[in-house]
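Remarks on the structure that follows.
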Amino acid sequence: MNNFETRLAACLDELKWLYSELYGETPCFEQLIGRIRQFAASRKPALTALDRAREADPEWYRRSDMLGMMMYTEQFADSLAGIEKRLPYLKELNVRYLHLMPLLKMPKKENDGGYAVSDFRQVDERIGTIDELSHLADVCREQKMSICLDFIVNHTSDEHEWAVRAKKGEKEYQDRYMCYDTREIPDEYEKTVPQVFPNTAPGNFIFCGEMGKYVLSTFNPYQWDMNYKNPVVFNEMACNMLYLANVGIEIFRIDAVPYIWKELGTSCRNLPQVHTIMRMLRIIAKAVCPAVVFKGEVVMAPHEVAPYFGPVDKPECDILYNVTTMVCVWNSLATRDVTLLKWQMDAMDALPPEFTFVNYVRCHDDIGWGLEESAVQYLGSDPLEHKKFLYHFYIGDYPGSFARGELYNYDPVSQDARSCGTCASLCGIEKALDECDPGALGLAVSRHLMIHAYIASLSGIPVIYSGDELAQLNDNRYTDDPVKAVDSRFIHRGKLDWARAEKRLDRETVPGLVFQALQKLIRLRAENPVFNAGARERTLDSGDKAVLAFRREGGGQTLTAVYNFSEFPKHVQPVQGGRCRDLLTGRDYADGAFEIGAYQALWLLKA
Ligand code: GLC
């Protein structure tokens, strides 16, 4: 038996069991297996070699030299060909996985930044071709860089062939979505299903005049939810994933995972069947293309995220976003209080060490203020009032705020809102520059660097949002484009400013200072095995609520990381457990209490 058949045989029973749990006895299962076999047979030698290498080294993405960068192809380098030319720039930062945001065929105008896919097997013509994507993946692989692509599993665009045929009245294609003749069932759903974009896209259904039916569109009106109760949908999407894996995609960012199964009378989030589907996709991927890993986008309440790893012996996602830690970082900067962040770290440290998280401070989306409400209450704040404080703070509308951001999806009924802006603008760099305030600028740059040092010291994979390595500011030009103007997330989706990038060698400039500091963090992280995922980690009591301290032990090293989330120098009680050297400054620290500067980060390696 070849490798694929051996792998398939080991999981076929489980796959069949799960499939029949959702779909009963159906010929669709055998059809799926037949198609999987074809994808396995057509996987090219370079990729099967990678499969073998990764099967022998399953920790490949958990080592301290792993670093991700996420970007929109067209904003970074116009096209896929442009990315290839810019690879040397990414090498300067030692980027090992490159997350290219949606680039598959999408509607020309409204497309939710590409999250509305019109064809899962074609690259959007403005960005390149599928052959160019395959070529780029080959070039990157030779340079030990993996390409990560979004796999948008919940919906298609309303220009996808299925939607087009559904509109023309073909029942077979209408059955791939959730279409209703009257408002009766949609109204029932609306009673229990929350809204994702209450302001920019209210309601969960649209009326499609052409078809004369109501269609479920949880996100935007042109993003139609697929009907996973139909096994054909599952089969087609599994095959689309394998197709892209054979093009050379090594990491799939599975978009909006919790939403894919719907049941009347529920919130249509996190239903058990979602886990069945994720487990089946995972089994299929590991049989055909074991080099591939899944990164799940689960932006949910803290306790709802970890279940998407699945049980250790029946895993679903390999990697998940550490969304709550990201939110706690911004909360700590606004409050100058790390209590919630420390509790979040304690919760993370209690999870099995096999779990891998992506750690990040910014991405292409808004910051949703999803803090654990009971914890906020425990600290004496009302959760809604605290949320209001945060979103006001990050639009600069609060005394002492340093931030320049935008509101996102303010809901006048619930008073919920989220925040947008680039890391640099939210950290105060934009305001300090506008006000020509060198003192404030110094603090803002330190803030930006301190939170990057923090994410670089956590277990998992640090991911930088393209532009943040140069402290790029908000780009307000999106308001000139009527399609984008309604969506303030575009404020932090500007084009990479290559003139700014030219300054990266000059430490007298903000981009130069930030770029070189990040380079150093990345290098130090890669050189020290204490940063490997799986090292033991525990928080410490620094004696000051603005100072976060924690210890990592692994790879024969002991490191105490300390971060001051305030603009005041602080006195820290002895946490380092002996003589240390700060990897960041090279300074020696004796055992005992010590001072930490405003927004300073310390990586204290035990001597
Ligand atoms: C994910 C994306 C977001 C998009 C949504 C709908 O949450 O990150 O940008 O709007 O999915 O596809």
Give the residues of the stretch 3-36 that are touching a helix residue (DSSP H, G or I) at 6+ places or on another chain (Cβ under 8 Å), assigned to a helix (DSSP H, G or I) and among the polar types (S, T, N, Q), sorted by residue number.
Asn3, Ser20, Gln31
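Assess whether Ile260 counts as being surrounded by 18 or more Cβ atoms within 10 Å (Cβ to Cβ) and within 16 Å of the ligand (Cβ to nearest atom). Walk me through it before giving the result.
Numbers: surrounded by 18 or more Cβ atoms within 10 Å (Cβ to Cβ): yes; within 16 Å of the ligand (Cβ to nearest atom): yes.
Here the answer is yes, as Ile260 does meet what is asked.
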Can you report the number of residues in the stretch 533-554 which are in a loop (DSSP other than H, G, I, E, B) and at pLDDT 95 or above?
6
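Quick check on the stretch 584-592. Is at least one of its residues basic (Lys, Arg), more than 34 Å from the chain's Cα centre (by Cα), surrounded by fewer than 20 Cβ atoms within 10 Å (Cβ to Cβ) and at pLDDT 95 or above?
Going residue by residue through the stretch 584-592, those that are basic (Lys, Arg) are 587.
Now restrict to residues that are more than 34 Å from the chain's Cα centre (by Cα): 587.
Next, only the ones that are surrounded by fewer than 20 Cβ atoms within 10 Å (Cβ to Cβ) stay: 587.
Checking which are at pLDDT 95 or above leaves us with 587.
Checked against the condition, which is being basic (Lys, Arg), more than 34 Å from the chain's Cα centre (by Cα), surrounded by fewer than 20 Cβ atoms within 10 Å (Cβ to Cβ) and at pLDDT 95 or above, the stretch 584-592 yields at least one hit.
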Please determine whether any residue of the stretch 241-249 is more than 30 Å from Val413 (Cβ to Cβ) and assigned to a loop (DSSP other than H, G, I, E, B).
yes
Counting only residues that are surrounded by fewer than 24 Cβ atoms within 10 Å (Cβ to Cβ) and either of a type in the set (Gly, Ala, Ser) or in contact with a Ser or Thr (Cβ under 9 Å, 6 or more places away or on another chain) (or both), how many does the stretch 138-153 have?
1
Sort out which residues of the stretch 114-129 are near the ligand (Cβ under 9 Å from one of its atoms) and either part of a strand (DSSP E or B) or modelled with pLDDT under 95 (or both), and write them in order of number.
none
With (1) farther than 28 Å from Gln472 by Cα; (2) within 16 Å of the ligand (Cβ to nearest atom) as the list, and Gly380 as the residue in question, which single condition is left unmet?
(2)
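With the structure loaded, tell me whether Lys91 is modelled with pLDDT under 95 and surrounded by fewer than 22 Cβ atoms within 10 Å (Cβ to Cβ) or whether it fails that test. Break it down into steps so the answer makes sense when it comes.
Values: modelled with pLDDT under 95: no; surrounded by fewer than 22 Cβ atoms within 10 Å (Cβ to Cβ): yes.
Taking the combined requirement at face value, the residue does not satisfy it.
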I need a count of the residues in the stretch 201-236 that are more than 18 Å from Asp175 (Cβ to Cβ), more than 16 Å from the ligand (Cβ to nearest atom) and surrounded by 17 or more Cβ atoms within 10 Å (Cβ to Cβ).
0
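Let's see how each residue does on (1) within 16 Å of the ligand (Cβ to nearest atom); (2) touching a residue at least 60 places away in the same chain (Cβ under 8 Å); (3) in a helix (DSSP H, G or I); (4) within 21 Å of the chain's Cα centre (by Cα):
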position	(1), (2), (3), (4)
Leu264	no, yes, no, no
Ala287	no, yes, yes, no
Val299	yes, yes, no, yes
Leu320	yes, no, no, yes
His364 fails exactly one of the following numbered conditions: (1) under 30 Å from Glu316 (Cβ atoms); (2) out of contact with any His (no Cβ under 8 Å at 6 or more places or on another chain); (3) surrounded by 16 or more Cβ atoms within 10 Å (Cβ to Cβ). What is the number of that condition?
(2)
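State the number of residues belonging to the stretch 390-405 that are under 15 Å from Ser419 (Cβ atoms) and over 25 Å from the mean Cα position of the chain (by Cα). Full working, then the answer.
Of all residues in the stretch 390-405, those under 15 Å from Ser419 (Cβ atoms) come to 390-398, 401-405.
Filter once more, so that each one left must be over 25 Å from the mean Cα position of the chain (by Cα): 396-398, 401-402.
Count: 5.
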Selection within the stretch 450-490 - within 16 Å of the ligand (Cβ to nearest atom), hydroxyl-bearing (Ser, Thr, Tyr) and surrounded by 21 or more Cβ atoms within 10 Å (Cβ to Cβ):
Tyr465, Ser466, Ser488
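Looking for something in a helix (DSSP H, G or I) and within 16 Å of the ligand (Cβ to nearest atom) - is there at least one such residue anywhere in the stretch 90-107? Break it down stepwise before answering.
Taking the stretch 90-107 first, the residues in a helix (DSSP H, G or I) are 90-92.
With within 16 Å of the ligand (Cβ to nearest atom) added as a condition, the list becomes none.
No: the stretch 90-107 contains no residue that is in a helix (DSSP H, G or I) and within 16 Å of the ligand (Cβ to nearest atom).
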Could you say whether any residue in the stretch 158-169 is within 16 Å of the ligand (Cβ to nearest atom) and part of a strand (DSSP E or B)?
no
Give me the pairs: first residue in the stretch 435-455 and part of a helix (DSSP H, G or I), second residue hydroxyl-bearing (Ser, Thr, Tyr), beta-carbon distance under 7 Å, and six or more apart or on different chains, which are they?
Leu443/Tyr599; Ser446/Tyr599; Arg447/Tyr599; Met450/Tyr563; Met450/Tyr599; Tyr454/Tyr563; Ile455/Tyr360
Let me spell it out: the conditions are (1) touching a helix residue (DSSP H, G or I) at 6+ places or on another chain (Cβ under 7 Å); (2) away from the ligand (no atom under 16 Å from the Cβ); (3) among the charged types (D, E, K, R); (4) over 23 Å from Arg504 (Cα atoms), and Arg86 meets all of them except one. Which number is the exception?
(4)
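Table: residues versus (1) within 17 Å of Arg551 (Cβ to Cβ); (2) within 16 Å of the ligand (Cβ to nearest atom).
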residue	(1), (2)
Ala334	no, no
Val338	yes, no
Asp346	yes, no
Asp349	yes, no
Cys363	no, yes
If the Cβ limit is 7 Å and pairs must be 6+ apart or interchain, which residue in the stretch 26-41 that is closer than 12 Å to Asn246 by Cβ pairs with which residue that is β-branched (Val, Ile, Thr)?
Ile36/Ile284; Ile36/Val288; Phe39/Val288; Ala40/Val288
Say whether the condition of being in a loop (DSSP other than H, G, I, E, B) and crowded, with 23+ Cβ neighbours inside 10 Å is met by at least one residue in the stretch 270-283.
no
Of Thr156, Thr129, Thr192, the only residue that is surrounded by 15 or more Cβ atoms within 10 Å (Cβ to Cβ), farther than 27 Å from Ala485 by Cα and either of a type in the set (S, T, N, Q) or in contact with a Leu (Cβ under 7 Å, 6 or more places away or on another chain) (or both) is Thr129
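For the stretch 137-157, what are the residues that are small (Gly, Ala, Ser) and within 15 Å of the ligand (Cβ to nearest atom)? Outline the logic, then answer.
Step one: of the stretch 137-157, the residues small (Gly, Ala, Ser) are 137, 146, 157.
Hit for the stretch 137-157 is Ser157, nothing else.
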If you take the residues in the stretch 505-526 that are in a helix (DSSP H, G or I) and free of Cβ contacts under 8 Å to residues at least 40 places away in the same chain, which one is nearest to Ile451 (Cα to Cα)?
Gln516
Mind telling me which of the residues Thr356, Thr339 ends up being of a type in the set (S, T, N, Q), crowded, with 20+ Cβ neighbours inside 10 Å and touching a residue at least 12 places away in the same chain (Cβ under 8 Å)?
Thr356
Criterion: under 22 Å from the mean Cα position of the chain (by Cα), away from the ligand (no atom under 16 Å from the Cβ), crowded, with 20+ Cβ neighbours inside 10 Å and charged (D, E, K, R) - qualifying residue of Arg504, Arg493, Arg447:
Arg447
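The values are calculated or read from the model by the stated rules, or taken from the named source; none is laboratory data. Note that the coordinates shown come from a computational prediction; the quantities given were computed from them, not determined experimentally. Glycine also receives a Cβ, built like all others from the backbone with ideal geometry; neighbour counts cover every protein chain displayed.
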